[in-house]
Amino acid sequence: MEVILINDVDKLGFAEDVVKVKPGYARNFLIPRGLGMVKNPTNLAILAEKIKVREKNEAKQMANVNAILEQLKNTNLQIGAKVGTTSRIFGSVNAVQISEAFKKNGLEIDRRKIAIKEGEIKELGSYTVVVNLTKEHTAEVPLEVISE
């Protein structure tokens, strides 16, 4: 029996794959749990429409990601921090503050997508911020930490 998978199933396939399974496995496990549906012309048409809509949405998202990447290449961040006499920062600069600096430059970057290449920022100086927009698309942005 051929089944169209709705969700990923371990050791069987990924969502939207058409797989051949034993009839009992399909009737008693996949279909009742909402993991698959029977392959027929109606369900194949639904699958084709889902794929078409998903690809259209992904194309829009990729255009948005590419536009953000272009803006990130032309961005230099500066963050002011309170400093003691030894040029050490009171506290540290973290992803939340970097996200706010991006907002001031007109970019909306989620703090969870920001990583600091050198680790923690506890002193004045130049650092590199890595922005992970997608698995394949990352950008490195220079960051200058200055005293207030």
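The values are calculated or read from the model by the stated rules, or taken from the named source; none is laboratory data. Note that the structure is a prediction, hence the values are computed from the model and not measured. Positions of Cβ are backbone-derived with ideal geometry, glycine not excepted, and every protein chain shown enters the neighbour counts.
Return yes when VAL3 is among the aliphatic types (A, V, I, L, M) and either more than 30 Å from ALA101 (Cβ to Cβ) or assigned to a strand (DSSP E or B) (or both) and no when it is not. Considered against the rule, which asks whether it is among the aliphatic types (A, V, I, L, M) and either more than 30 Å from ALA101 (Cβ to Cβ) or assigned to a strand (DSSP E or B) (or both), VAL3 comes out as yes.
Would you say VAL38 is of a type in the set (A, V, I, L, M, F, W, C) and crowded, with 16+ Cβ neighbours inside 10 Å? Judged against the criteria, VAL38 is not a match.
So in the stretch 108-128, with the set limited to residues that are among the hydrophobic types (A, V, I, L, M, F, W, C) and under 16 Å from the mean Cα position of the chain (by Cα), which one is nearest to ASN64 (Cα to Cα)?
ILE109
Does SER87 satisfy being touching a residue at least 60 places away in the same chain (Cβ under 8 Å) and in contact with an Asp or Glu (Cβ under 7 Å, 6 or more places away or on another chain)? So SER87 passes the test. Take the conditions surrounded by 13 or more Cβ atoms within 10 Å (Cβ to Cβ) and over 17 Å from ALA67 (Cα atoms) and apply them to VAL131. Does it pass? For VAL131, the condition - surrounded by 13 or more Cβ atoms within 10 Å (Cβ to Cβ) and over 17 Å from ALA67 (Cα atoms) - is not met.
Results for (1) buried (at least 16 other Cβ atoms within 10 Å of the Cβ); (2) of a type outside the set (S, T, N, Q); (3) at pLDDT below 95, shown as yes or no for each residue.
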| site | (1), (2), (3) |
| --- | --- |
| PHE14 | no, yes, yes |
| VAL18 | no, yes, yes |
| VAL21 | yes, yes, no |
| GLY24 | no, yes, no |
| ASN28 | no, no, no |
| THR42 | no, no, no |
| ILE51 | no, yes, yes |
| GLN61 | no, no, yes |
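Of all residues in the stretch 1-27, those that are farther than 13 Å from ASN43 by Cβ have Cβ atoms under 8 Å from Cβ atoms of residues that are among the acidic types (Asp, Glu) and not in a strand (DSSP E or B), 6 or more apart or on another chain, in PHE14/ASP8; ALA15/ASP8. Among the residues of the stretch 124-148, those identified as among the charged types (D, E, K, R) and either at pLDDT 90 or above or out of contact with any strand residue (DSSP E or B) (no Cβ under 9 Å at 6 or more places or on another chain) (or both) are LYS135, GLU136, GLU140, GLU144.
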